[in-house]
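The values are calculated or read from the model by the stated rules, or taken from the named source; none is laboratory data. Computed from a predicted model, the values in this text were never measured in an experiment. When we count neighbours, we look across all protein chains shown, and the Cβ atoms used for this are built from the backbone with ideal geometry, even at glycine. SASA here: full protein model, heavy atoms, side chains in, ligands and nucleic acids out. Shrake-Rupley method; radii C 1.70, N 1.55, O 1.52, S 1.80 Å.
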Amino acid sequence: MSEFPAPPVDELTRPFWDGLTAGELRFQRCRQCGNAWLPQREECPRCWNDQWAFEASSGRGTLVSWVVYHKAYHPYFEDKIPYNVSVVELEEGPRLLTNVVTDDQGTLHIGQHVELLIQDEAGFALARFRPAAGETAR
Amino acid sequence: MASDSVVIAGIGQTAFGKLPGRSVTSLNVEACRNAVADAGIEKSAIDAVFAKSITSGHQRFYAQKLAEALGLQPRMGGTWDQGGASNVTLISMAADAIKAGHIEVALIASADNPRTGTRSAYSRPLATADAPYGWFGVSAGYAMIAQRHMRQFGTTSEQLGAIAVACRKHGAANPNAQLRKPITIEDHQASPWIVEPLHRDDCCLVSDGAAAVVVMSERKAKELGVSAPVPVLGCGHGQTSWDVALRPDLTSTSAAVAGAQAFAAAGLTPADIDVAQIYDCFTITVLMTLEDYGFCAKGEGGKFVEDGALEVGGALPLNTSGGLLSETGMPGMQLVLEGVRQMRGTSTTQVPGARHVLVSGQGGAMHTHATMILGQ
């Protein structure tokens, strides 16, 4: 298996990755205007203030859209196809790119309720999602 | 034509496709040589050189290096990095600089060689922090948008296919097009997934090549004896969130803002447009751009493009030289050239009596947008 395309981890992003290792998905919230965002930035993109704090998400979100890869554009993913990459909007507002773990890509749908599923991938805890309990397939 | 109007005075290009051993500067010089010859002017008249940034290999001070290769020391110049919206934006900015009196004659050039050079720009991670999730390739951003549009409005893959069929049909008539084999909806459906829901035939070509235009005021064109000037009637610009995941609304684009500006500047509406050269990096881009320009209501693009509406004789003939899907995958200047040919009456798929042509450019994954309307 080829090398995992590990994310760059630095001073700014470490609390996010440490959060996943500790079992929570952390986003930033501005202390001045209350805006919440992902991915990590030095300043609030709404009011430009640099006073913010990490906060844990409930892990609940909805599916905005997704694509399905039938061909790997990086050798690490060759044995994972078909796999989806999805946009999920957390109930706190921030959006992120992720995978929704499902055996049937055909059941994914817009507005689908999903919940956080932290999974280990090559030593990194990744923020994936799964259909929420009680979410009916359609 | 208003007295202060700006015209495209000359157009030039290289061959499109595989051009091994040619540097981007060599390609640009050839296109510029042809554009200046087409305008019928001396190179000494040029006092501005602008270039689109090179997708396959960024170079610092590229437009200055190009000016050096052209033996010019222009007053104004620079490289613009806005992806496929760059060319229309540069023409618009040059037009404004001409109207302001900063420059008189601008050369705007665009070259790239991802086909025989490096195409890594098109397959690398869109954002490295998302690579662990398998997020790779330019196509994926457009596929993410297409999926949302299809699910939200019921747009079908066959409707997207109708766009590819029209572009390929028009490309087949263009001897300079890279891909000249017409396709059917069935061929489109049978082509493999690139990233679902986009098939191979939803995706543009990867090409080497260059194209360039000469821009000046109408007054200057008369003074220099330019034989076939085509006036720029209006331009517009728009941009949205860089990151597809962060975009507040996946199914509308900045074409809405850019198009409204261009129509207002030209004093025209979509009903006045006889032929359109819409940036077709992916079929979904065309469909959403047509909606956002107001050729049909949001969500009705699928129905609008069906049944040959985009072919000559249809409601809005599209990409009459083949577009990015058929003529060349080069990011956009070829659409400007075809717009000029339609206004001159010299296209290989000429729309009879066409008086207004709309040209669009867009880059990123529908992140940047620029619109231009040309007249006669």
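Restricting attention to region B:253-269, the residues that are open to solvent by 30 Å² or more (accessible area, probe 1.4 Å) and within 30 Å of B:G141 (Cβ to Cβ) total 6. If the condition is being open to solvent by 10 Å² or more (accessible area, probe 1.4 Å) and within 10 Å of chain A (Cβ to nearest Cβ), then region B:148-157 contributes B:R148, B:M150, B:R151, B:Q152. Here is the figure for region B:323-347: residues that are part of a helix (DSSP H, G or I) and either buried (at least 24 other Cβ atoms within 10 Å of the Cβ) or not basic (K, R) (or both) total 14. Scanning region A:1-39 for residues that are open to solvent by less than 50 Å² (accessible area, probe 1.4 Å) and in a helix (DSSP H, G or I) yields A:P15, A:F16, A:W17, A:G19, A:L20. It is to be established whether one or more residues within region B:105-121 are open to solvent by less than 50 Å² (accessible area, probe 1.4 Å), farther than 28 Å from B:T14 by Cβ, at pLDDT below 95 and hydrophobic (A, V, I, L, M, F, W, C). No, because not a single residue in region B:105-121 is open to solvent by less than 50 Å² (accessible area, probe 1.4 Å), farther than 28 Å from B:T14 by Cβ, at pLDDT below 95 and hydrophobic (A, V, I, L, M, F, W, C).
Residues in region A:82-92 that are surrounded by 15 or more Cβ atoms within 10 Å (Cβ to Cβ) and more than 9 Å from A:L63 (Cβ to Cβ): A:Y83, A:N84, A:V85, A:L90, A:E92.
Going by the conditions given, is B:A85 facing another protein chain (nearest Cβ under 9 Å), modelled with pLDDT of 90 or more and part of a helix (DSSP H, G or I)? Full working, then the answer.
Values: facing another protein chain (nearest Cβ under 9 Å): no; modelled with pLDDT of 90 or more: yes; part of a helix (DSSP H, G or I): yes.
Spelling it out, it is not the case that B:A85 is facing another protein chain (nearest Cβ under 9 Å), modelled with pLDDT of 90 or more and part of a helix (DSSP H, G or I).
A count restricted to region B:127-147 and to residues that are facing chain A (nearest Cβ under 8 Å) and assigned to a helix (DSSP H, G or I) stands at 11.
Take the conditions under 22 Å from B:T118 (Cβ atoms) and modelled with pLDDT of 95 or more and apply them to B:A100. Does it pass? So B:A100 fails the test.
Answer yes or no as to whether B:T320 is surrounded by 24 or more Cβ atoms within 10 Å (Cβ to Cβ), in a loop (DSSP other than H, G, I, E, B) and not acidic (D, E). It would help to see each step written out before you state the result.
Details: surrounded by 24 or more Cβ atoms within 10 Å (Cβ to Cβ): yes; in a loop (DSSP other than H, G, I, E, B): yes; not acidic (D, E): yes.
When the stated conditions are applied, B:T320 passes them.
A search for C-beta distances below 7 Å between a residue of region B:351-376 that is farther than 19 Å from B:V138 by Cβ and any residue that is part of a strand (DSSP E or B) and open to solvent by 10 Å² or more (accessible area, probe 1.4 Å), counting only pairs 6+ apart in sequence or on different chains, returns B:T371/B:C235; B:M372/B:V232; B:M372/B:C235; B:I373/B:L233; B:L374/B:V232; B:L374/B:L233; B:G375/B:L233. Within region A:58-87, residues that are acidic (D, E) sit with their Cβ atoms under 6 Å from residues that are open to solvent by less than 60 Å² (accessible area, probe 1.4 Å), at 6+ positions apart or across chains, in these pairs: A:E78/A:A72.
Being among the polar types (S, T, N, Q) and more than 15 Å from the chain's Cα centre (by Cα), is that true of even one residue in region A:128-136? Steps first, please.
Taking region A:128-136 first, the residues among the polar types (S, T, N, Q) are A:136.
Keeping just the survivors that are more than 15 Å from the chain's Cα centre (by Cα) gives A:136.
Within region A:128-136, one or more residues are among the polar types (S, T, N, Q) and more than 15 Å from the chain's Cα centre (by Cα).
Of the residues B:D112, B:D96, B:D81, which is among the charged types (D, E, K, R) and without any contact (Cβ under 8 Å) to a residue 24 or more places away in the chain? Explain how you work it out, then say what you get.
Numbers: B:D112 fails: without any contact (Cβ under 8 Å) to a residue 24 or more places away in the chain; B:D81 fails: without any contact (Cβ under 8 Å) to a residue 24 or more places away in the chain.
Going through B:D112, B:D96, B:D81 in turn, the sole match is B:D96.
A Cβ distance below 7 Å, combined with a sequence gap of six or more or placement on separate chains, defines the contacts here; from region A:93-110, residues that are within 16 Å of A:L38 (Cβ to Cβ) reach residues that are open to solvent by 40 Å² or more (accessible area, probe 1.4 Å) in the pairs A:R95/A:E89; A:R95/B:L246. Residues that are at the interface with another protein chain (Cβ under 8 Å from one of its Cβ atoms) and among the aromatic types (F, W, Y) number at least 1 in the following strands (runs of 3 or more DSSP E) confined to region A:40-138: A:60-69, A:83-90, A:124-131. Does region A:1-19 hold any residues that are closer than 17 Å to A:L116 by Cα and within 11 Å of chain B (Cβ to nearest Cβ), and which are they? If the condition is that a residue be closer than 17 Å to A:L116 by Cα and within 11 Å of chain B (Cβ to nearest Cβ), then A:F16, A:W17 are the ones that fit.
Yes/no matrix, rows are residues, columns are (1) modelled with pLDDT of 95 or more; (2) part of a helix (DSSP H, G or I); (3) open to solvent by 30 Å² or more (accessible area, probe 1.4 Å); (4) of a type outside the set (D, E, K, R):
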site: B:S3; (1), (2), (3), (4): no, no, yes, yes
site: B:S26; (1), (2), (3), (4): yes, yes, yes, yes
site: B:A31; (1), (2), (3), (4): yes, yes, no, yes
site: B:V36; (1), (2), (3), (4): yes, yes, no, yes
site: B:S56; (1), (2), (3), (4): no, no, no, yes
site: B:Q64; (1), (2), (3), (4): yes, yes, yes, yes
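Looking at B:G71, B:G78, just one residue is open to solvent by less than 20 Å² (accessible area, probe 1.4 Å) and either assigned to a helix (DSSP H, G or I) or modelled with pLDDT of 95 or more (or both), and that residue is B:G78.
Could you check, for region B:273-286, whether at least one of its residues is more than 20 Å from the chain's Cα centre (by Cα) and not in a loop (DSSP other than H, G, I, E, B)? Checked against the condition, which is being more than 20 Å from the chain's Cα centre (by Cα) and not in a loop (DSSP other than H, G, I, E, B), region B:273-286 yields no hits at all.
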